[in-house]
Structures are given as C-alpha cells and as structure tokens.
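Reading through the structure tokens given below for one structure.
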Amino acid sequence: MTYAEVAAIEAAAVYVLYQGARSAGLGIRRATGISVGAGLVFGGWLAASSVIGGRGGYHFRLGHGVPWLPVAVIGYFVALIALSRLPSVAHALSAPGALNRLMLPHSFRIAGIVFVVAMLLGRLPPLFALPAGFGDIAVGIATPWVTRKLTDGSGTRAAVWFNLFGMADLISALTLGALTGFRLVSVNPPATLNSELPLVLIPTVGVPLLFALHITSLTILLRSRLGRERTGATRSSRCGASQHDARPTPASVAADDDHQLLGLSRPRD
C-alpha cells in the first residue's frame with residue numbers, strides 16, 4: 001500500500017506536468033521531455049530512498065550521528081522547488097487549468113490509512129497514527145469535491161482552504177512523527193517504524209512532493225487574486241476618468257449662460 005500510494009502520487013505529478021506543458025503550447029516533444037525528466041527525478045529518488053531505508057540509513061538516535069531522515073525530507077523539498085523554477089516547468093505548472101490538474105496527486109492521500117493499519121497492528125502510536133492517517137484520508141476524500149467546484153468556477157475559496165489544510169496535515173504528521181520517532185515524547189510503541197522501509201518513503205518521497213504541489217497551487221491562487229485586484233483597480237480608474245471627462249467645463253457653462261441670455265436653446269442630443 002505504501003509503495004502504491006507513493007508511486008501513484010509521483011505518476012500523477014508526471015501527468016500534471018505533461019498536460020500542463022501541452023496546455024501551455026510547448027508541443028508534444030517538449031511536454032514529453034518534461035514528463036520524462038520529472039519521472040527520472042521522482043523515480044530516481046524513490047529508488048535511492050528505498051536503498052537508504054533498506055540499509056537502515058534513516059535510523060537515528062538523538063546525539064548519535066546525523067539525522068538523515070529530516071535532511072532527506074528538507075533536501076528533496078528544496079530540490080523540487082528549485083526545479084519548479086525552470087522556465088519550461090514553470091510554464092507547465094501555470095498553464096490554463098493548472099489548479100484542477102494539481103489536485104490530482106492529492107486524491108491518493110486516502111491511502112494514509114496505512115498509518116491506522118500499522119497502529120492497529122501495534123507498530124505505531126495513536127498520537128501519531130490517528131492525526132496523520134485520518135488527516136490524509138480527509139484530504140483524499142475532499143479532493144474530488146474541490147476539483148468539481150473549481151471546474152464549476154466557484155471553488156477558489158475552497159481551494160485555498162484545501163491547500164492550507166493539506167499543508168497543515170503534512171506539517172502535523174512530520175512534527176508528531178519526529179517527536180514520537182526520536183522519543184522526544186514518551187509513547188509506546190515509539191514511531192520508529194517511520195524510519196524503516198517502506199513507511200519511510202512517505203516522509204522522504206511523498207510528503208516533499210505533496211508540499212511542493214500545495215505551494216504551487218497557493219502561488220497560482222495568489223497571483224490570480226492579485227491579477228483580479230489590478231484589473232478592478234484599472235477599471236475603476238478608467239471609470240473615474242470617464243466621469244471626470246463628462247463633467248461640464250467652465251467654458252461650456254459660460255456658453256450655456258450666453259445662450260440663455262440671448263433666448264436661444266441648445267439642441268438636445
């Protein structure tokens with residue numbers, strides 16, 4: 001279930017980039033190149049993290065060595081943000097319909113039930129498994145509803161709250177996982193299973209990618225709002241200028257007075 005969830009999230013992200021490139025008018029060849037490059041990055045890190053986790057490279061105790069698990073999470077996230085700034089990738093991520101496409105990978109977060117299953121098997125503490133598991137399930141269930149509202153053109157507010165909740169869920173899971181996994185909070189059992197294969201792939205591979213997608217979606221929403229505000233301000237200034245031009249000038253008022261004194265009437269429009 002863990003491998004299926006992570007692989008599905010990565011495959012959906014590749015699809016998002018391919019369809020975004022096509023919508024941006026980059027052509028089939030460039031769209032294919034972007035998607036293949038993304039697949040190599042995603043798949044390469046999935047394989048590398050699997051090897052590291054299989055060899056126990058993510059095991060850590062406070063005061064003993066380098067905490068490679070948080071280093072991997074942060075490092076992969078920074079790399080994804082840097083790659084999203086590449087011109088072709090940025091065009092693909094901001095093409096028309098990007099918000100709807102960016103929702104797709106989050107639908108697979110319903111597989112967060114793996115945390116609940118591990119808890120029921122006595123391998124994870126409820127303090128971590130319940131909020132992390134049910135938070136992911138809630139995001140996965142909400143994804144089709146928010147996507148439908150975006151398609152109808154009325155889902156901007158829902159998309160903002162969805163992304164904020166999704167980010168809060170990821171941050172909460174990482175925080176509780178660190179507290180219970182590094183035994184900063186005494187629980188039984190500790191969440192050391194999160195540093196072992198296959199569950200370690202969720203924080204090291206899935207979470208950074210999902211968090212980057214959330215940030216991309218919020219960036220698009222913010223730019224869209226700023227664009228609407230600028231458009232509204234431009235229209236208001238133009239409307240004000242038109243009203244100002246329609247006001248009678250002193251010369252026209254004087255001319256009207258002269259016509260009235262001479263007993264003449266100006267022709268009506």
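The values are calculated or read from the model by the stated rules, or taken from the named source; none is laboratory data. Computed from a predicted model, the values in this text were never measured in an experiment. With ideal geometry, Cβ positions are generated from the backbone for all residues, glycine too; neighbour counts draw on all protein chains shown. Side chains included, ligands, DNA and RNA excluded: accessible areas come from the protein's heavy atoms. Shrake-Rupley method; radii C 1.70, N 1.55, O 1.52, S 1.80 Å.
Structure data summary
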| read-out | value |
| --- | --- |
| List 101, 225, 55, 123, ordered by accessible area with a 1.4 Å probe, largest first | 55, 225, 123, 101 |
| Where labels lie 7 Å past Cα in the beta-carbon direction, separation of residue 79 and residue 184 in nm | 2.5 nm |
| Cα lying deepest toward the dipole's positive end in the chain, options 58, 28, 116, charges on Cβ | 28 |
| Using distinct alpha-carbon pairs, which all enter the 1/r mean, Kirkwood radius of the range 88-174 in Å | 13.9 Å |
| For a label point 7 Å along the Cα-to-beta-carbon line of residue 167, residues of the range 66-87 with backbone N under 15 Å | 78, 81 |
| Relative contact order of the chain, defined on C-alpha pairs under 8 angstrom at six or more residues apart (%) | 24 percent |
| For the chain, average projected area of the Cα convex hull in nm² | 22.0 nm² |
| Relative contact order for the range 175-234, counting Cα pairs under 8 Å that sit 6 or more residues apart, in percent | 16 percent |
| Relative contact order (%) - the range 64-176, alpha-carbon pairs under 8 angstrom, separation at least six | 23 percent |
| Degrees separating the helix 207-246 axis from the principal Cα axis of the chain, which is the longest one | 10 degrees |
| The chain - mean residue ellipticity at 222 nm from DSSP helices (-39,500 (n - 2.57) per run, n ≥ 4, rounded to 500) | -24500 deg cm²/dmol |
| Inter-label distance for residue 4 and residue 55, nm, one decimal - labels placed 7 Å from Cα along Cα-to-Cβ | 3.0 nm |
| Reciprocal mean inverse distance between Cα atoms of the range 7-70 - Kirkwood radius, Å | 13.7 Å |
